[in-house]
Amino acid sequence: MNIAIVGTGYVGLVTGTCLAEGGNTVICVDIDEAKVLAMQEGKIPIYEPGLEEIFERNIKAERLQFTTSLEAAVADAEVIFLALPTPPKDDGSADLSYILSVADKLGPLLKKYVVVVDKSTVPVGTAAQVRERIAATAKTSFDVVSNPEFLREGFAVKDFTTPDRVVIGSSSAQAKEVMGELYAPFVEEDRPLYFMDESSAELSKYAANTFLTLKISFMNEIANRSEKLGANVDDVRRAIGSDARIGKRFLFPGIGYGGSCFPKDIRALHKTAQDHDYDFALLDSIVKLNAHQKLVLVEKLKEHFGQDLTGKTFALWGLAFKPDTDDVREAPSLYIIDSILEAGGKVVAYDPEANDNVRKLYDQHDTRLTFVDNSPYAALHDADALLIATEWSAFRSADLKRIADLLKTPTVFDGRNIYELSTMKAHGFHYESIGRPKVLQK
């Protein structure tokens, strides 16, 4: 098929590249001229494992192209994906201005029947709004479909090409046939394609993300209680995760969720509930719990070193909100940095991919926050303690003896529970993690 992707952010670029890999001819359009030029030259603007290879391959095969012209992108398109930002407004509602602005422009450009797909995460009722905006100026028939994305950063290529499910919201038989043909290479019996109405499809994305944040928040609460009660959350997690009704995934405690999706989607669903006079009390609790959890590691730090951290330097491993991405939006690391700086301490940070993204957020002349780019061990020299905020695989296999030798004292505060308690004890560390007993120095 001929496909147009409007918006080359994370979702748009992954969707376009994977659809091209599936044999379609894809034109991606973006208003950022410098970004489009770079992509035309084969330079990928985001870090996502596995994406660069198929990005380059499909550009060479001329199945993947880039332009700044909306008209050129949609001229021959059979399906138009809207993969545009929906940032939160001050009241928490999703800002649909980017999507609706493009919808206003599409009408006059349509020359034949086309399926317009809302790929962005949008509140219930958006498909109807997009349909109304396009219909105001369209001279040909079209359908608007809701097709929410379920892409995990770090696993996005796998999630698109071998999805757990594909959700299609449409009441049009013709649109369902087009979308079924488009996704046929990616779905099988155990990877189903679900057809439903547009509102149900729109709500399904918010419901999925909310449930995942609920599991995360629940385990963080159990972890916090475990510390008070002398229990080990690892044992609790394994016990309840073996129950098929609960499952093992998303039961790992830590220092809260971040990223571009969970915080934004929770706020948007909460605002939608308010707009319909529904008190979604569970969402209030999730937001409150997560805000507290992001600072749990700093609370442990201050309990150990005192409230005033003046004169103390802390190494921070991990800045991205999760491994295998450079995304630092709502990352717990940012809250940790701010809290340490406010208490008078200094931070030396390292992340394999996200250093530059965090640099942009802080005063480059503030010597209280510095970065090392070559090695995580370079952050440890004369630091009073090591804090771990992201569970990069390289950190899991780190040389513990080297860590102990480089720190002023062998002290580690682990927000992701990446080390075994017995191992840290054997190496003489003071080690504090989430929901597990402290390991004290001999």
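Please report, ordered by residue number, the helices (runs of 4 or more DSSP H) entirely within the range 1-119 with at least 1 residues that are over 19 Å from Pro185 (Cβ atoms) and touching a residue at least 60 places away in the same chain (Cβ under 8 Å).
Details: elements: 10-21, 33-40, 51-60, 70-74, 97-106.
Helices (runs of 4 or more DSSP H) meeting the threshold: 10-21, 70-74, 97-106.
Working only within the range 107-121, note down all residues that are among the aliphatic types (A, V, I, L, M) and either in contact with a His (Cβ under 8 Å, 6 or more places away or on another chain) or crowded, with 24+ Cβ neighbours inside 10 Å (or both). Val114, Val115, Val116, Val117 - these are the residues of the range 107-121 that are among the aliphatic types (A, V, I, L, M) and either in contact with a His (Cβ under 8 Å, 6 or more places away or on another chain) or crowded, with 24+ Cβ neighbours inside 10 Å (or both). None of Val287, Val296 is crowded, with 20+ Cβ neighbours inside 10 Å and out of contact with any Cys (no Cβ under 9 Å at 6 or more places or on another chain) except Val296. Each residue in the range 211-243 was checked for being under 21 Å from Leu421 (Cβ atoms), basic (Lys, Arg) and in contact with a Phe, Trp or Tyr (Cβ under 8 Å, 6 or more places away or on another chain), and 1 pass. Take the residues in the range 391-423 that are among the polar types (S, T, N, Q) and not in a loop (DSSP other than H, G, I, E, B); name whichever of them is nearest to Gln441 (Cα to Cα). Per the criteria, the residue is Thr411. Condition first: at negative phi, in a loop (DSSP other than H, G, I, E, B), out of contact with any Leu (no Cβ under 7 Å at 6 or more places or on another chain) and acidic (Asp, Glu). Now tell me which residues in the range 323-382 satisfy that. Hits for the range 323-382 are Asp326, Asp327, Glu353, Asp363, Asp366, Asp373.
Of all residues assigned to the range 406-418, at least one qualifies as being in contact with a His (Cβ under 6 Å, 6 or more places away or on another chain), under 20 Å from Leu319 (Cα atoms) and among the β-branched types (Val, Ile, Thr). Tallying residues that are among the hydroxyl-bearing types (Ser, Thr, Tyr), over 18 Å from Ile3 (Cα atoms) and touching a strand residue (DSSP E or B) at 6+ places or on another chain (Cβ under 9 Å) within the range 107-139 yields 2. The condition (being in contact with an Asp or Glu (Cβ under 8 Å, 6 or more places away or on another chain), at negative phi, hydrophobic (A, V, I, L, M, F, W, C) and surrounded by fewer than 22 Cβ atoms within 10 Å (Cβ to Cβ)) is satisfied by just one residue among Ile3, Ile31, Ile54: Ile54.
Return yes or no: is Glu132 assigned by TED's automatic domain parsing to the domain that holds Thr17, charged (D, E, K, R) and under 25 Å from Asp104 (Cα atoms)?
Values: assigned by TED's automatic domain parsing to the domain that holds Thr17: yes; charged (D, E, K, R): yes; under 25 Å from Asp104 (Cα atoms): yes.
Yes.
The values are calculated or read from the model by the stated rules, or taken from the named source; none is laboratory data. Remember, predicted model here, so these are calculated numbers, not experimental data. Here Cβ is always computed from backbone atoms with ideal geometry, including for glycine, and neighbour counts include all displayed protein chains.
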